[in-house]
Amino acid sequence: MAASTGTGVGGGGGTGTGGTRKFKLQKESELRVEVGMDSPLKLQLVIGTAEVFGTELPPMFWMTFPAAHKFAVFTWHGCTIELDGISEVAYVADETPMVSYVNVHAVLERRRRKAKEALAASDAPSTNPPAGPRCIVVGPTDSGKSCLVRMLLGWAAREGWKPTYADLDIGQGSITIPGTVAATPVEMPIHPIEGVPLDLPLVYFYGHTTPSVNVDLYKVLVKELARTLDIQLVSNSEVQAAGMVINTMGWVDGVGYELLLHAIETLRADVVLVLGQEKLYSMLQEVLKVRPGVDIVKLHKSGGVVNRNSKYRQRTRVLKTKEYFYGLSNDLSPHSSVANFSDLQVFRIGGGPQAPRSALPIGAEPTADPTRVVPVGFSRDLLHVVLAVSFAKDPEHLLSSNVAGFIYINEIDMQRKKVTYMAPCPGPLPSQLLLAGSLAWTE
C-alpha cells in the first residue's frame, strides 16, 4: 500500500507520536489513527472537508477521542488535519476501498427511493408491503464490519433517511453493553466519538460474549429481535423504506457460519456484503443462490483495519460496560441502592434437564434445556455481576421480552439478606425480574 506521512509542528506520523502536528491529505485519502492506551487525543479539521465513519467533521473544532480509540479520517477533496496528544499510530494512506463502499451506498439509496415510491403508491395496508433494503455485513474478525456499518448508516442519515441499525455482535456491543443483541433507529449521522445515537433501543439480553455458550438461546433472541422489528417497521412507512443495516460477529466457521445463515434468513436480508474473505463469499454464493432477490457483494477489507488481540477485546468490553454507567467522559453519576433479597428475583436462561431419564429412550442421557428459565438464589457468586432488568411481567415471558437496562451488583450481605446495586439513574427499577449471565465487571 502506498502511504505518506504528514508533516508539521511536532513531526510526521508514525508510532508513539506526541505533541501537536498537522497532516495534509490529498483527495480520496485517509489519516489512520490509533489513540494511545493511557490518554486521549485531540483532533481538528483545519482546511477542507473530511469525515469519520461517514459523518462530516466540523471545521476548526477540537474533538477529543478517548484512549484506545481507533479511527480513520477520510477526505473526498483534500484537507488538513491537526492532532494534539499521543497516538500509537498516525499515518496517511492514499489507497482505500471507500469508492467501492460509497458505491454500495448509492445502490442502497436507489432501493430506498424505490421502496418509498411504492409505499406512497399503495392505498391499503398489505401483508407483504414494499420495503427498503435489508443489508447485512459479514466477514471474519477484524475485517472492518462495524466501520462499514457505521459509514452506511451515516451516509443514509445524511440523505435524510432513518434506517434501522441491528447489532448481532454480542462480543463488542456498539448499541449498549456486550452480551446483547439490539437494534435502534438511526435518525442522524453517527457521532465519531459518542457512537450510535440512541432513541429507545430494542435490547435482548444474551448474557455472554460468545454464542458458543448457548447457541439455541442466541438463535431465539435473534428471532425475537426480528419479530419485534417487523412489527415496528410495518407501522412506520418512513422507517420501512429506509431499510436496515445489520452488523454481525466475526465467527464465520462451523457453528458461526450456521448462525450467519440463520441471521440472514431470520432478518430477511436481501443485500449481503462480504468483507475480507473469498472463502466465505463463495460459500454464501452457493447456499443463497436458491433465494431469489438476495444480492451478495464482495468488498475489500480496508488496509487500516487493525487486528485486535484477546486482551484488547477484553479491555474494550470493560470500557463499554463502564461507559454505560459512567458515560463516555466519566460525566455521569450512577445511583447506588440497597434492596432486600425478597424484593428482587434473579433468573438465568439455560440449564436443568429437558426430561427425566425415565422418559428418554434406553441408553439416552438427559441434556440441559438451553432455553429453560432457571431461578438463581442470591449468593456471593452474584458479586460484581451485571444483571439485565427485564420488561417481562412474569418469569414465563423472560425469554421473549426485551430489557430496560442493567444494574451492577457491588455488595451482597448474606447475613442481613440485602443486596447493594448500582443503576444508571435513581428511582425504583422498572421490574423486579432480573437476568444473569456470565457478564461480570469490577470497577
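The values are calculated or read from the model by the stated rules, or taken from the named source; none is laboratory data. In this text the structure is predicted, and so the values were computed from the model without any measurement. Positions of Cβ are backbone-derived with ideal geometry, glycine not excepted, and every protein chain shown enters the neighbour counts.
So which residues in segment 399-411 are within 15 Å of residue 385 (Cα to Cα) and either of a type in the set (Ser, Thr, Tyr) or in contact with a helix residue (DSSP H, G or I) (Cβ under 6 Å, 6 or more places away or on another chain) (or both), if there are any at all?
Within segment 399-411, 408, 409 meet the criteria.
So residue 253 fits all but one of (1) more than 30 Å from residue 160 (Cβ to Cβ); (2) assigned to a loop (DSSP other than H, G, I, E, B); (3) under 18 Å from the mean Cα position of the chain (by Cα); what number is the exception?
The failed condition is (3).
Identify, by number, the condition in (1) touching a Lys or Arg at 6+ places or on another chain (Cβ under 7 Å); (2) touching a residue at least 60 places away in the same chain (Cβ under 8 Å); (3) over 25 Å from residue 282 (Cβ atoms) that residue 139 doesn't meet.
(3)
Scan segment 241-252 and tell me whether some residue there is more than 28 Å from residue 301 (Cα to Cα) and either small (Gly, Ala, Ser) or crowded, with 24+ Cβ neighbours inside 10 Å (or both).
Yes, segment 241-252 contains a residue that is more than 28 Å from residue 301 (Cα to Cα) and either small (Gly, Ala, Ser) or crowded, with 24+ Cβ neighbours inside 10 Å (or both).
Of everything in segment 256-281 that's surrounded by fewer than 18 Cβ atoms within 10 Å (Cβ to Cβ) and in contact with a helix residue (DSSP H, G or I) (Cβ under 6 Å, 6 or more places away or on another chain), which residue is farthest from residue 106 (Cα to Cα)?
Per the stated criteria, the residue is 262.
Checking the structure you have, find out if any residue of segment 172-186 is out of contact with any His (no Cβ under 8 Å at 6 or more places or on another chain), over 30 Å from residue 384 (Cα atoms) and in the same structural domain as residue 264 (by TED's automatic domain parsing).
yes
What's the number of the condition residue 16 fails, among (1) part of a strand (DSSP E or B); (2) crowded, with 18+ Cβ neighbours inside 10 Å; (3) at pLDDT below 95?
Here residue 16 clears every test but (2).
Among (1) assigned by TED's automatic domain parsing to the domain that holds residue 245; (2) out of contact with any helix residue (DSSP H, G or I) (no Cβ under 7 Å at 6 or more places or on another chain), there is one condition residue 129 misses while meeting the rest; what is its number?
Status for residue 129: all satisfied but (2).
Do we have residue 310 as farther than 18 Å from residue 152 by Cβ and in the same structural domain as residue 399 (by TED's automatic domain parsing) here?
Against the criterion (farther than 18 Å from residue 152 by Cβ and in the same structural domain as residue 399 (by TED's automatic domain parsing)), residue 310 does not qualify.
State all residues of segment 352-382 that are at pLDDT 65 or above, surrounded by 14 or more Cβ atoms within 10 Å (Cβ to Cβ) and assigned to a loop (DSSP other than H, G, I, E, B); if no residue qualifies, say none.
369, 370, 371, 372, 378
Of everything in segment 384-400 that's surrounded by fewer than 22 Cβ atoms within 10 Å (Cβ to Cβ) and among the small types (Gly, Ala, Ser), which residue is nearest to residue 410 (Cα to Cα)?
Top of the filtered list is 392.
Within segment 406-430, can you find the residues that are surrounded by fewer than 19 Cβ atoms within 10 Å (Cβ to Cβ) and either over 27 Å from the mean Cα position of the chain (by Cα) or under 15 Å from residue 203 (Cα atoms) (or both)?
411, 413, 414, 415, 416, 417, 418, 420, 427, 428, 430
For segment 26-68, give me every one of the strands (runs of 3 or more DSSP E) that falls completely inside it and has 1 or more residues that are surrounded by fewer than 18 Cβ atoms within 10 Å (Cβ to Cβ).
41-48, 63-65
Residue 145 passes all but one of (1) surrounded by 24 or more Cβ atoms within 10 Å (Cβ to Cβ); (2) modelled with pLDDT under 95; which number fails?
(2)
Looking at segment 233-251 only, could you name the residues that are of a type outside the set (Gly, Ala, Ser), out of contact with any Ser or Thr (no Cβ under 6 Å at 6 or more places or on another chain) and touching a residue at least 12 places away in the same chain (Cβ under 8 Å)?
233, 234, 238, 239, 240, 245, 246, 248, 249, 251 - these are the residues of segment 233-251 that are of a type outside the set (Gly, Ala, Ser), out of contact with any Ser or Thr (no Cβ under 6 Å at 6 or more places or on another chain) and touching a residue at least 12 places away in the same chain (Cβ under 8 Å).
Those residues that are touching a strand residue (DSSP E or B) at 6+ places or on another chain (Cβ under 8 Å), in contact (Cβ under 8 Å) with a residue 24 or more places away in the chain and either assigned to a helix (DSSP H, G or I) or under 16 Å from residue 101 (Cα atoms) (or both), I need them from segment 277-299; list them, please.
Matches in segment 277-299: 280, 284, 288, 295, 296, 297, 298, 299.
Output yes when any residue across segment 157-164 is among the hydroxyl-bearing types (Ser, Thr, Tyr), modelled with pLDDT under 95 and within 15 Å of residue 248 (Cα to Cα), and no when none is.
no
Which residues, counting only those in segment 71-113, are buried (at least 19 other Cβ atoms within 10 Å of the Cβ) and basic (Lys, Arg)?
111, 112
Working carefully through the options 28, 56, 34, 109, find the one that is touching a residue at least 60 places away in the same chain (Cβ under 8 Å) and either in the same structural domain as residue 159 (by TED's automatic domain parsing) or within 20 Å of residue 157 (Cβ to Cβ) (or both).
Selected residue: 56, the only one of 28, 56, 34, 109 that is touching a residue at least 60 places away in the same chain (Cβ under 8 Å) and either in the same structural domain as residue 159 (by TED's automatic domain parsing) or within 20 Å of residue 157 (Cβ to Cβ) (or both).
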